[in-house]
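Everything below concerns the one structure shown next.
The values are calculated or read from the model by the stated rules, or taken from the named source; none is laboratory data. Everything quoted here is computed from the prediction, not taken from an experiment. Counting neighbours? That spans all protein chains shown, and the Cβs are built from the backbone with ideal geometry, glycine included. Each accessible area value is taken on the protein alone, full model and side chains, heavy atoms only, with ligands, DNA and RNA left out. Shrake-Rupley method; radii C 1.70, N 1.55, O 1.52, S 1.80 Å.
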Amino acid sequence: MLKELPSLSTILSAYASISAMAMLIRTILNEMLPERMTNYIFSMIYDFTSAYFSSDFTFIIEDRWHAGDNQLFRAAEIYFPTIIGPSSDSLLVGFDKSSDPTAPPKPSIPVDCRFKDDFDGIRLEWTLSSIEPKKYYVPTKRFFSLTCNKRDRERVEQRYFPYINRTAQEILNKSDSLSIYTYDKKCSMWEPTAFKHPSTFETLAMEPQLKEFIMKDLDSFMEREEFFENVGRAWKRGYLFYGPPGTGKSSLVAAIANYMRSNVYDLQFQGVRNDYDLSRILTSTTNRSILLIEDIDCITTASHDRTKVIEKREVEEDEDENKRPFSINYGIIHSFLSLSWFD
């Protein structure tokens, strides 16, 4: 059999002939065809050869999915800092206000970082990428690229991705820290801050009967997932708080967040441009969270400056109540709290 193999000189000669032919064809194409057409032809050849000769398959997991947050992307963000090891070429670290400065910094994933994972004998390689938009009002696009062997594609879809979601949920359930998010209109994204409000139902100054009613109502809401599903309603609960400043509305919101162990999304309607913007903002909140809308009386057409209206009311306090131009009590600040709970 060894005698039937071609000699080394024959192999080198054939390789040189093929290389010369390829260079000749490339030169002819460059001279005869426009550059865009040449690039298209070579890209088609590359895609054809990659599809048939490459053993790799790549999943793309973007941060947005169907006009909302991609929950798989969020789960991956939570899961991966726990497995980043020597295989990664870089690591993002830092402290927040609630961190112990003497403890090791918290890890996170930097852009363009490559790291590997091993699941049930499957070798996986991840990369976090980011695309900066050309228009300032378009948010930055981030996505994960997951590369695996083609023969493992089905196992990754059926077993690995659900495993990431379960693990991320377990990490969140064990986490002691909460966050409060404010919407950044310029960057079109929610910005988190450590939530460390000390208010609880035990320390809240409230009538015991009302406090017990709210706690029982929250517990009932948590236990009625099946009921909401059976009647075809979203698993949500809303509360409207109203009263003068300093009466404890914010403390009650904090007590509910601490009781439910949920992150808070604080939305100011003054930063919402239109209905589309509002829809995109609301759909970008995460599951099992609290949406807080403060000063909702400011979104009406009668939302003039409170101070001026209050001063005017004081001057005209002897006038008939019905003669006032607006029916809203501007000495009262309204806050709306919505609990959004999905699995």
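Note on segment 112-128: residues that are more than 11 Å from SER145 (Cβ to Cβ) and open to solvent by 10 Å² or more (accessible area, probe 1.4 Å) amount to 7. Is it fair to say SER251 is surrounded by fewer than 12 Cβ atoms within 10 Å (Cβ to Cβ) and not in a loop (DSSP other than H, G, I, E, B)? The answer is no for SER251.
Scanning segment 254-280 for residues that are open to solvent by 20 Å² or more (accessible area, probe 1.4 Å) and in a loop (DSSP other than H, G, I, E, B) yields ARG261, GLN268, VAL272, ARG273, ASN274.
Results for (1) touching a Ser or Thr at 6+ places or on another chain (Cβ under 6 Å); (2) open to solvent by less than 70 Å² (accessible area, probe 1.4 Å); (3) at pLDDT 70 or above, shown as yes or no for each residue.
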position: SER9; (1), (2), (3): no, no, yes
position: TYR15; (1), (2), (3): no, no, yes
position: MET21; (1), (2), (3): no, no, yes
position: HIS66; (1), (2), (3): no, no, yes
position: SER87; (1), (2), (3): no, yes, no
position: LEU92; (1), (2), (3): yes, no, yes
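Taking every residue in segment 267-288 that is of a type outside the set (A, V, I, L, M) and pairing it with any residue that is open to solvent by 60 Å² or more (accessible area, probe 1.4 Å) and not in a helix (DSSP H, G or I), at least 6 positions away or on another chain, the pairs with Cβ-Cβ distances below 6 Å are GLY271/LYS185; THR283/ALA67; ASN287/PHE342.
Tell me, please, whether a residue that is touching a residue at least 24 places away in the same chain (Cβ under 8 Å), touching a Cys at 6+ places or on another chain (Cβ under 8 Å) and among the aliphatic types (A, V, I, L, M) can be found in segment 93-114. Checked segment 93-114: no residue is touching a residue at least 24 places away in the same chain (Cβ under 8 Å), touching a Cys at 6+ places or on another chain (Cβ under 8 Å) and among the aliphatic types (A, V, I, L, M).
Selection of segment 131-146 for residues being open to solvent by 40 Å² or more (accessible area, probe 1.4 Å) and assigned to a strand (DSSP E or B) yields ILE131, LYS141, ARG142. Of the residues GLU202, GLU212, GLU157, GLU226, the single one that is open to solvent by 40 Å² or more (accessible area, probe 1.4 Å) and either in a loop (DSSP other than H, G, I, E, B) or touching a Phe, Trp or Tyr at 6+ places or on another chain (Cβ under 6 Å) (or both) is GLU202.
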